[in-house]
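Taken together, the values in this text are just the output of simple stated rules run on the coordinates, not laboratory data. Here the structure is a predicted model, which means the values were calculated and not measured. Don't worry about glycine lacking a Cβ; one is built from the backbone with ideal geometry, like all the others, and counts go over all protein chains shown.
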Amino acid sequence: MPQNVPSFDELMETAQHSAVHLEMRDQYSVGDEVGDFETWLRTGSRDSDPASEYWAPWVDMISRAVARGVAVRRARIVSEPVTDYIRYEHAGAVVNVAAGEQVRWLPRRRAVDLLLPGADLWIFDGTQVLFNHFSGAGDWADPPMEMRSEPELVKQCSDAFEAIWERGVPHSEYAIH
C-alpha cells in the first residue's frame with residue numbers, strides 16, 4: 001500500500017508530547033553506521049562525543065524536542081548474552097542519554113509473556129506509529145517505513161511499549177555481560 005510517509009526529522013520536529021522508540025533486533029546493518037560499527041569491532045572504541053560530526057545532528061534534534069517538553073524514550077529488547085552489535089549500541093547509548101533520551105533495556109527472556117508488535121517502531125504523541133522495516137540481514141527493507149494512525153493499532157503499540165518500559169532496566173543500571 002503506497003503512502004506518503006513524512007520524514008523522521010519532520011515527525012520529531014512536530015512532536016508535541018512524546019516520541020517513543022522500540023528496538024527488538026539483536027543486529028542491524030544500516031548503511032549510515034556500518035563504518036562506525038566496523039571501527040568499534042576493530043578497536044573497541046566508539047565515538048561518544050555528542051558534538052562529533054557523527055552524533056551532532058541527532059543530539060541537536062533530540063535536544064530541541066526535549067527542550068520543547070517532548071519526552072523521548074527508547075526501549076531495547078535484547079537477547080542475552082548480547083551480540084557484538086548490542087554491545088556497540090550500549091557503548092553509544094551514553095550519547096542518547098546526553099541528548100535527553102531516556103533509555104531502557106529489557107532482556108528478551110523477561111518479555112516472553114508480552115504481546116509485541118511485529119516490527120521496530122516509533123510512536124509520536126500517542127497518535128501515530130512509524131514502523132521501521134528491516135531485511136533479514138538488518139538493513140532497511142523496501143519500503144523502509146510505514147506510517148499508521150488507526151486508533152486501535154496505536155493503542156496496541158503504545159500498550160506494548162509501556163509494558164516493555166515498565167519492565168526495562170534503565171541504561172545506567174544495565175550491565176552488558
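Which residues' amide hydrogens lie under 5 Å from the amide hydrogen of Leu106, considering only partners 5 or more residues apart or on another chain, with H built in the peptide plane?
Arg76, Ile77, Val78, Val169
Note down the relative contact order for the chain as a percent, whole number, built from C-alpha pairs under 8 angstrom at least six residues apart.
On the way: 285 pairs, mean separation 50.0, N = 177.
Reported relative contact order: 28 percent.
Nearest 500 deg cm²/dmol is fine: what mean residue ellipticity at 222 nm does the chain get from its DSSP H runs of n ≥ 4 alone, each adding -39,500 (n - 2.57), divided by its residue count? Write out the running numbers ahead of the final one.
Values: 5 runs with 62 residues, N = 177.
Rounded to the nearest 500, it is -11000 deg cm²/dmol.
Suppose every K and R has +1 on its Cβ and every D and E has -1 on its Cβ; what is the size of the dipole of the chain about the Cα centre, in Debye to the nearest 20?
Working: 16 positive and 29 negative charges, 121 e Å.
Here the size comes out at about 580 debye.
Could you give each residue of region 46-53 its phi-based ³J(HN,Hα) in whole Hz, using Karplus coefficients 6.51, -1.76, 1.60 with θ = phi - 60°, and x for Gly or Pro?
Working through the residues one at a time gives 10, 4, 10, 9, x, 8, 5, 4 Hz.
Can you tell which of Ala175, Ala98, Gln27 lies farthest toward the positive end of the dipole of the chain, using +1 and -1 charges on the Cβ of basic and acidic side chains (Lys, Arg; Asp, Glu)?
Checked the options; the winner is Ala175.
Between rounded, prolate and oblate, where does region 113-177 land on the alpha carbon gyration tensor, with a ≥ b ≥ c its root eigenvalues, rounded for a/c under 1.5, else prolate if a/b exceeds b/c? Each step should come with its number before you reach the end.
Working: a/c = 2.20, a/b = 1.20, b/c = 1.83.
It is oblate, given that a/c is not under 1.5 and a/b is not larger than b/c.
So, R0 is 25 Å and r is the distance between the beta-carbons of Ser135 and Trp58; what FRET efficiency does that work out to, to 0.05? Could you put the intermediate results ahead of the total?
On the way: r = 23 Å, r/R0 = 0.91.
After rounding to 0.05, the efficiency reads 0.65.
In the chain, what percentage of the DSSP-assigned beta bridges are antiparallel, given to the nearest 5? The partial results should precede the final answer.
Numbers: 16 of 28 bridges.
That works out to approximately 55 percent antiparallel.
Once you sort the root eigenvalues of the Cα gyration tensor of region 31-130 as a ≥ b ≥ c, which label holds: rounded (a/c under 1.5), prolate (a/b larger than b/c) or oblate (the other case)?
Details: a/c = 2.03, a/b = 1.06, b/c = 1.91.
Judged from the Cα gyration tensor, region 31-130 comes out oblate (a/c at least 1.5, b/c at or above a/b).
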